[in-house]
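Below is one structure, written out as structure tokens; the observations come after it.
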Amino acid sequence: MGMQMSKSPLLQPAKCVRVSFPNISLFACFGLSLLLWPLNHAAGAEAKPHKNRWESAIRVYEAADRTNPPPQDAVLFTGASNIRKWTNVAEAFPGHKVFNRGFGGAQMSDLVEFAKRIVIPYSPKLVIIYAGDNDLAAGKSPKQVLSDFRAFVQEVHAGLPSTVIGCIAVKPSPSRAKLVANVKATDALLKDFCRTNGNAVYLDVLTPMLSAQDGPRPELFGQDGLHLNQKGYAIWASIIKPVLDRYDPPASTNQY
């Protein structure tokens, strides 16, 4: 029986022992694979640090904060792109110190992950958040959105027990009309949670954003049917303003 062996080193995975008997040949290559598997597996399993896809956006905010920090004891808006795109949010609430830390297409779980970096360091009097929209679109259930919101509230109140958290209801969007039932179910859970938890307030933008046919109102959105236009933001402001006035009386009122 003749046997030919590769001249390459044993540990080169591209080469293996070849013999004339197929069964032995198969066993030889398989055996080498078994020898190499722990090494390859260990190399692949070497921990790559988890990196949230919005990490770069958060770092931009942190860099800006080092040179131009926002005021303490103010009103913080954070959450998904409908917050990020609300570029004139401070103008919508005169008499209040308002700043924006919205990022990307954030989900509620992202707010939990970044709370210690873009919420707690600011010591805000109020935090107004919007998330849940992208969560449902990604296939998460209403209960999962609630669970993540509960985790966010716990995270913030562990460091800032007196901070009020305003949760903007998940909106019904024309581009995601098929999710309206889940939107309503999510908002019902968020509303019930806020009703029974101190320093958490449900902001019902759902009701005025539903049409007479109980669907989304396209006139409140831009061309993509997902992001608000100025009419949509005006509705949000009308719902949020009484909460800001209650928990953060405008500066002009404080003069009396």
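The values are calculated or read from the model by the stated rules, or taken from the named source; none is laboratory data. The shown structure was predicted, so the numbers you read here are calculated from the model rather than taken from an experiment. Because the Cβ atoms are built from the backbone with ideal geometry, glycine has one as well, and the counts that use them run over all protein chains shown.
Couple of notes before you dig in:
- You will find that of K191, K143, the residue that is touching a helix residue (DSSP H, G or I) at 6+ places or on another chain (Cβ under 8 Å), farther than 21 Å from S81 by Cβ, surrounded by fewer than 18 Cβ atoms within 10 Å (Cβ to Cβ) and without any contact (Cβ under 8 Å) to a residue 60 or more places away in the chain is K143 and no other.
- Exactly one residue among N88, N52 is at pLDDT 95 or above, out of contact with any His (no Cβ under 6 Å at 6 or more places or on another chain) and not basic (K, R), and that residue is N88.
- The range 135-152: number of residues that are within 14 Å of the chain's Cα centre (by Cα) and not in a loop (DSSP other than H, G, I, E, B): 12
- Taking the criterion of being more than 19 Å from F93 (Cβ to Cβ) and polar (S, T, N, Q), the only residue of the range 114-136 that qualifies is N134.
- Within the range 235-248, the set of residues being surrounded by 13 or more Cβ atoms within 10 Å (Cβ to Cβ) and either farther than 17 Å from V170 by Cα or aliphatic (A, V, I, L, M) (or both) comprises I235, A237, I239, I240, K241, V243, L244, D245, Y247, D248.
- The residues of the range 170-188 that are buried (at least 20 other Cβ atoms within 10 Å of the Cβ) and touching a strand residue (DSSP E or B) at 6+ places or on another chain (Cβ under 6 Å), listed by number, are P172, S173.
- Criterion violated by H96 - all others in (1) surrounded by 17 or more Cβ atoms within 10 Å (Cβ to Cβ); (2) under 18 Å from R59 (Cβ atoms); (3) modelled with pLDDT of 95 or more satisfied: (2)
- Complete set of residues in the range 157-186 that are of a type in the set (D, E, K, R) and either touching a residue at least 24 places away in the same chain (Cβ under 8 Å) or more than 17 Å from Y130 (Cα to Cα) (or both): K171, R176, K178
- For the range 208-223, filtered to residues that are of a type outside the set (S, T, Y), out of contact with any Ser or Thr (no Cβ under 6 Å at 6 or more places or on another chain) and not in a helix (DSSP H, G or I), the residue that is surrounded by the most Cβ atoms within 10 Å (Cβ to Cβ) is F221.
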